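Scroll down for the structure; my scribbles are underneath it.
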Amino acid sequence: MRRWFPHPWMAAWLLAAWLLLQQSLAVPTIVLGVVLALALSWALGKLDLPRVRVRNLGMLPVLIVRVFGDIVRSNIAVAKIIVSPRPRITAGFVAIPLEITSAYALALLACIITATPGTIWVSHDSRRQVLLIHVLDVVDESTWIAHIKQRYERPLLRIFQ
């Protein structure tokens with residue numbers, strides 16, 4: 001059973017998402033959703049992903065609240081820059097040394113940084129463990145390094161390692 005249906009919960013979530021997106025409970029929509037959910041969960045099983053090791057699940061709500069707060073603050077800061085008649089932008093790249101080694105933690109960090117307005121993940125050097133991000137308004141590079149490490153990397157280390 002596991003060979004043909006390796007991720008039943010993923011299939012259920014995919015089917016639910018499909019039905020919500022289609023906004024229909026018509027038989028053809030349900031049938032197509034079931035076929036897609038089964039095919040995609042089977043394909044995910046073929047990827048042979050490493051297991052997720054969550055060490056501290058209690059830290060996840062703290063990280064979520066922190067990220068949403070930072071997204072709101074960044075939206076306001078970027079809006080001020082855009083609306084300003086003569087914006088003084090000091091855009092640049094910031095190299096951040098990381099301690100994170102978990103692929104899942106790195107993926108989540110990439111999502112967090114890219115979802116925050118004014119910042120974007122550029123590259124990650126896995127040999128040197130250095131993350132390169134682009135920041136719309138770099139006032140002080142060391143402030144950005146400390147911000148990423150304290151607000152995001154430290155909780156991710158507690159969650160995944």
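Can you report the number of residues in the range 78-113 which are free of Cβ contacts under 8 Å to residues at least 24 places away in the same chain and either on the phi > 0 side of the Ramachandran plot or in contact with a helix residue (DSSP H, G or I) (Cβ under 8 Å, 6 or more places away or on another chain) (or both)? It would help to see each step written out before you state the result.
Here is the first cut: in the range 78-113, the ones free of Cβ contacts under 8 Å to residues at least 24 places away in the same chain are 79-80, 82-88, 106-107, 110-111.
Keeping just the survivors that are either on the phi > 0 side of the Ramachandran plot or in contact with a helix residue (DSSP H, G or I) (Cβ under 8 Å, 6 or more places away or on another chain) (or both) gives 87.
Going through the range 78-113 one residue at a time, the tally reaches 1.
Residues checked against (1) closer than 30 Å to HIS7 by Cβ; (2) modelled with pLDDT under 95; (3) in contact with a His (Cβ under 6 Å, 6 or more places away or on another chain):
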| position | (1), (2), (3) |
| --- | --- |
| ASN56 | yes, yes, no |
| VAL72 | no, no, no |
| LYS80 | no, yes, no |
| VAL83 | no, yes, no |
| GLY118 | no, yes, no |
| TRP144 | no, yes, no |
| GLU153 | yes, no, no |
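Any residue at all in the range 99-107 that's loosely packed, with under 13 Cβ neighbours inside 10 Å, in the same structural domain as TRP121 (by TED's automatic domain parsing) and not hydroxyl-bearing (Ser, Thr, Tyr)?
Residues of the range 99-107 that are loosely packed, with under 13 Cβ neighbours inside 10 Å, as a first pass: 99, 101, 107.
Among the residues that remain, those that are also in the same structural domain as TRP121 (by TED's automatic domain parsing) are: 99, 101, 107.
Still in the list and also not hydroxyl-bearing (Ser, Thr, Tyr): 99, 107.
Taking every residue of the range 99-107 in turn, at least one turns out to be loosely packed, with under 13 Cβ neighbours inside 10 Å, in the same structural domain as TRP121 (by TED's automatic domain parsing) and not hydroxyl-bearing (Ser, Thr, Tyr).
The values are calculated or read from the model by the stated rules, or taken from the named source; none is laboratory data. Only a predicted model underlies this, so the values are computations on that prediction, with no experimental measurement involved. Note that we place each Cβ from the backbone using ideal geometry, even for glycine, and neighbour counts take in every protein chain shown.
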